[in-house]
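First comes the structure, then the notes that go with it.
The values are calculated or read from the model by the stated rules, or taken from the named source; none is laboratory data. Quick caveat, the model's predicted, so the values are computed rather than measured. No Cβ is skipped: glycine too gets one built from the backbone with ideal geometry, and neighbour counts run over all protein chains shown. When the accessible area is computed, the model is the full protein with side chains, heavy atoms only, and any ligands, DNA or RNA have been set aside. Shrake-Rupley method; radii C 1.70, N 1.55, O 1.52, S 1.80 Å.
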Amino acid sequence: MPQNRNQQNTKKSRQLEPDLQDNAMLEIQKMESSIKRYITVHGDHLNAAEYHSLLQMIKSLEKLKTAIKGVSLD
């Protein structure tokens with residue numbers, strides 16, 4: 001019986017995993033959009049180091065999105 005219950009729990013968690021992946025992608029896209037909007041609004045007041053740091057954040061988020069897309073949830 002416990003083994004059967006474990007199989008049911010595994011089945012339920014697999015059904016939830018795509019939603020978790022989608023939610024993670026959505027949150028990353030929100031962060032990326034926020035950074036881009038910040039650059040657009042405040043870009044005139046940023047020094048080169050701040051601007052470069054924000055661009056690095058965007059690149060890191062893009063890499064994270066790529067990594068999440070490549071993960072198999074099976």
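Per the conditions (1) out of contact with any helix residue (DSSP H, G or I) (no Cβ under 9 Å at 6 or more places or on another chain); (2) surrounded by 13 or more Cβ atoms within 10 Å (Cβ to Cβ), the sole criterion not satisfied by Ile68 is (1). For the stretch 27-48, a residue qualifies if it is open to solvent by less than 80 Å² (accessible area, probe 1.4 Å) and under 18 Å from Lys65 (Cβ atoms), and the qualifying residues are Ile28, Glu32, Ser33, Ser34, Ile35.
Close Cβ contacts (under 8 Å, 6 or more residues apart or on different chains) running from residues in the stretch 52-74 that are modelled with pLDDT of 90 or more to residues that are polar (S, T, N, Q) comprise Lys65/Gln29.
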